[in-house]
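S.K.: What follows is a structure written as structure tokens; I'll ask about it next.
The values are calculated or read from the model by the stated rules, or taken from the named source; none is laboratory data. All figures in this text were calculated on a predicted structure; none of them were measured in a lab. Counting neighbours? That spans all protein chains shown, and the Cβs are built from the backbone with ideal geometry, glycine included.
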Amino acid sequence: MTRAERAALIDRRLAELYPETPIPLDHRDPFTLLIAVLLSAQCTDARVNQVTPALFDLADTPEAMAALPVEVIQGIIRPCGLSPRKAAAISGLSKILLEKHGGKVPADFDLLEELPGVGHKTASVVMAQSFGVPAFPVDTHIHRLAQRWELTSGRSVEQTERDLKKIFPRDHWNRLHLRIIFYGREHCTARGCDGTVCPLCRELFPRRKRGKMAKKS
Ligand code: SF4
């Protein structure tokens with residue numbers, strides 16, 4: 001099977017397995033999604049969802065967030081880890097949104113990536129999930145699965161993103177990236193496998209004998 005044939009099969013099978021693609025991080029609008037995605041760095045979505053209701057009840061707009069003392073933000077988000085850095089970023093980006101963007105989250109990759117605490121992956125999630133712009137945010141799950149499914153050499157997350165964008169139709173990216181995350185969490189976890197346990201891998205690699213371990217980015 002060629003790489004393109006594998007990609008088409010994965011696309012089909014994942015759409016059958018996950019016809020619905022709910023957004024894992026609870027949010028109210030682009031601003032609260034941006035904050036939730038920022039908090040999810042090195043933290044599980046489940047934990048972020050436990051923390052954000054209290055934060056958003058206090059402040060769910062850039063204006064209200066910018067008015068909160070950083071220590072208050074930090075106290076609420078502590079369970080998410082890296083709280084000093086994340087609290088400073090949340091406060092700082094809220095002020096920038098107010099001062100430079102009329103209190104709105106800009107629907108623009110470059111402007112988003114200029115905000116403190118917002119990298120390419122965070123910007124991609126917001127563009128995809130809040131604004132419906134095709135993007136392929138590559139997190140650790142996607143990076144790992146793309147390697148195990150031999151869709152990329154996996155040299156870096158940037159390379160994986162380029163390879164996945166090339167091989168999947170643009171109008172599938174947003175839902176497909178969520179489906180790969182769902183599949184990774186459910187079936188293809190970080191601990192490695194023998195490469196033959198899932199029906200999907202047996203279909204993709206009928207002759208595979210040994211596990212395909214993923215390289216880190
Ligand atoms: S067989 Fe292994 S690599 Fe393939 S999908 Fe299952 S867990 Fe992932």
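S.K.: Which one of these is under 25 Å from Val138 (Cβ atoms) and either surrounded by fewer than 21 Cβ atoms within 10 Å (Cβ to Cβ) or among the aromatic types (Phe, Trp, Tyr) (or both): Thr44, Thr32? Give the derivation first.
M.R.: Values: Thr32 fails: either surrounded by fewer than 21 Cβ atoms within 10 Å (Cβ to Cβ) or among the aromatic types (Phe, Trp, Tyr) (or both).
Testing whether each residue is under 25 Å from Val138 (Cβ atoms) and either surrounded by fewer than 21 Cβ atoms within 10 Å (Cβ to Cβ) or among the aromatic types (Phe, Trp, Tyr) (or both) leaves just Thr44.
S.K.: Please verify whether the range 148-160 includes one or more residues that are within 23 Å of Gln42 (Cβ to Cβ), surrounded by fewer than 16 Cβ atoms within 10 Å (Cβ to Cβ), within 13 Å of the chain's Cα centre (by Cα) and not assigned by TED's automatic domain parsing to the domain that holds His120.
M.R.: No, the range 148-160 has no match at all.
S.K.: Another question, then. Only one residue in Leu111, Leu93, Leu176 is of a type outside the set (D, E, K, R), modelled with pLDDT of 95 or more and surrounded by fewer than 20 Cβ atoms within 10 Å (Cβ to Cβ). Which one?
M.R.: On the way: Leu93 fails: surrounded by fewer than 20 Cβ atoms within 10 Å (Cβ to Cβ); Leu176 fails: surrounded by fewer than 20 Cβ atoms within 10 Å (Cβ to Cβ).
Of Leu111, Leu93, Leu176, the one residue that is of a type outside the set (D, E, K, R), modelled with pLDDT of 95 or more and surrounded by fewer than 20 Cβ atoms within 10 Å (Cβ to Cβ) is Leu111.
S.K.: Can you say whether Ala128 is under 17 Å from the mean Cα position of the chain (by Cα), part of a helix (DSSP H, G or I) and more than 16 Å from the ligand (Cβ to nearest atom), as far as the supplied structure shows?
M.R.: Values: under 17 Å from the mean Cα position of the chain (by Cα): yes; part of a helix (DSSP H, G or I): yes; more than 16 Å from the ligand (Cβ to nearest atom): yes.
Yes; evaluated as a whole, the condition is true for this residue.
S.K.: While we're on this one: When you scan the range 129-150, how many residues do you find that are at pLDDT 95 or above and touching a Leu at 6+ places or on another chain (Cβ under 9 Å)?
M.R.: The total comes to 3.
S.K.: Still on this model: Which of the residues belonging to the range 162-203 are within 11 Å of the ligand (Cβ to nearest atom), polar (S, T, N, Q) and in contact (Cβ under 8 Å) with a residue 12 or more places away in the chain? Full working, then the answer.
M.R.: Applying the first criterion (within 11 Å of the ligand (Cβ to nearest atom)) to the range 162-203 yields 180, 183-184, 186-203.
In the following step, the residues that additionally are polar (S, T, N, Q) were identified as 189, 196.
Across the range 162-203, the qualifying residue is only Thr196.
S.K.: A further question follows. Among the listed residues Ala15, Ala41, Ala89, identify the single one that is closer than 30 Å to Pro206 by Cα and touching a residue at least 24 places away in the same chain (Cβ under 8 Å).
M.R.: Numbers: Ala41 fails: closer than 30 Å to Pro206 by Cα; Ala89 fails: closer than 30 Å to Pro206 by Cα.
Among Ala15, Ala41, Ala89, only Ala15 is closer than 30 Å to Pro206 by Cα and touching a residue at least 24 places away in the same chain (Cβ under 8 Å).
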